[in-house]
Amino acid sequence: MLEFRRVRRAALAETFVRLAEGQKPDAIAIACSDSRVSPIEFAATEPGDVFVVRNVGNIVPRYDEELGPKASSAGAAIEYALAVLPIEDVVVCGHSHCGAMRAIYDGHIPPATPHLGNWLEYGRNVLEQLGPCPPGLAPADHLSQQNVLRQIENLRTYPAVREGERAGRITLSAWWFDIARAEVLEFDFASKRFVPLDEARIARHLAERGEGLA
């Protein structure tokens, strides 16, 4: 807080004056609540650029499972963002050493945490369908990566997401942050594996949109 007041506040003063009139983020990031993971930091963005949803395990319950009194905050945020904001990109970001994925993999939920236990049930179906772990990857990290891909599938159960992707208005991306290496990986749907989201890959993405590296 002191750093913000002493350094960033003055630098962002004009930005916040503009943002007081409303927000126009072009991306929504769904990430884990883990304090070590910040999609805003990865994207090197300014306030107002990304609509962020964070929860334990970066989970998106399926649309048809979350109606009425069971509606989730994740589902509400997705519907709001796509109905009201100029969203073009939807990113799900998981990470290594995830406590939620470890709890699901080991089956050890902390005692007296019924809300947590119920929430993590959404990730248990990923474990039940988990394939062989690739060499060099910890089993819980393998679960974490597959969990990100499952949330992409779950996102497509939302009518607004499905229709937006079909019309080419929005793009879905699966990211995974390797904490120890400080490396952001992106799932390559062509090769069906996570690859570094390096400068060359970012340049290709921008070229596809008719943009260039700043």
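The values are calculated or read from the model by the stated rules, or taken from the named source; none is laboratory data. Small disclaimer: the values here were computed from a predicted structure and weren't measured. Note that we place each Cβ from the backbone using ideal geometry, even for glycine, and neighbour counts take in every protein chain shown.
Residues that are farther than 15 Å from Asn58 by Cβ and either acidic (Asp, Glu) or part of a helix (DSSP H, G or I) (or both) within the stretch 127-177 comprise Leu127, Glu128, Pro139, His142, Pro159, Ala160, Val161, Arg162, Glu163, Gly164, Glu165, Arg166, listed in sequence order. Answer with yes or no whether Ala100 is assigned to a helix (DSSP H, G or I) and farther than 14 Å from Ala29 by Cα. Yes, satisfied. I'm trying to understand the selection: among the residues of the stretch 108-126, which are loosely packed, with under 10 Cβ neighbours inside 10 Å and either among the hydrophobic types (A, V, I, L, M, F, W, C) or assigned to a loop (DSSP other than H, G, I, E, B) (or both)? Within the stretch 108-126, His108, Pro110, Pro111, Ala112 meet the criteria.
Residues checked against (1) among the small types (Gly, Ala, Ser); (2) within 22 Å of Ser38 (Cα to Cα); (3) in contact with a Leu (Cβ under 7 Å, 6 or more places away or on another chain):
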site: Gly168; (1), (2), (3): yes, no, no
site: Thr171; (1), (2), (3): no, yes, no
site: Ala174; (1), (2), (3): yes, yes, yes
site: Asp178; (1), (2), (3): no, yes, yes
site: Glu183; (1), (2), (3): no, yes, no
site: Phe194; (1), (2), (3): no, yes, yes
site: Glu208; (1), (2), (3): no, no, no
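In the stretch 41-49 there is no residue that is closer than 25 Å to Val148 by Cα, in contact with a Gly (Cβ under 7 Å, 6 or more places away or on another chain), surrounded by 15 or more Cβ atoms within 10 Å (Cβ to Cβ) and at pLDDT below 95.
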